[in-house]
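Bear in mind that the values in this text are calculations on the coordinates, not laboratory data. This is a predicted model, so every value here is computed, not measured. Every residue, glycine among them, receives a Cβ derived from its backbone with ideal geometry; neighbour counts consider all protein chains shown.
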């Protein structure tokens, strides 16, 4: 997974406030898309993406400013990546199409677990349900 972490870090380094603003405008539609994800091999992916979308949205709108900027940049990159239909593994590939999306999301959740757990608690969410498992 070190390669995925490096990939996420490089992607996050390109996230600017303008990118966050563009993602913020697209999030309502993307959240609907994320609710339609059904991948038995990655059962937590939709919920994880929704969590990251809410975190980015709350940060960008000023509702929750306690998340580290790097965590927001990584989360924004993960949302952009998951929204694209073509990734390292195209989403159309049966049983594996979301493997790369899941890896990217977990590469964001795992190193930022403490900050996201605090955010989850502030939102009255059970962090244990937003698992870093695939």
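General remarks:
- C-alpha long axis of helix 17-35 to longest principal axis of the chain, angle in °: 50
- Scattering curve values for the chain, log₁₀ I(q)/I(0), Debye with Cα scatterers, q = 0.10, 0.12, 0.16 Å⁻¹: -0.27, -0.40, -0.74
- Cα long-axis angle, helix 113-122 against the chain (0 to 90 degrees, to the nearest 10): 60
- Highest-first arrangement of 7-14, 53-60, where packing means the average Cβ count within 10 Å: 53-60, 7-14
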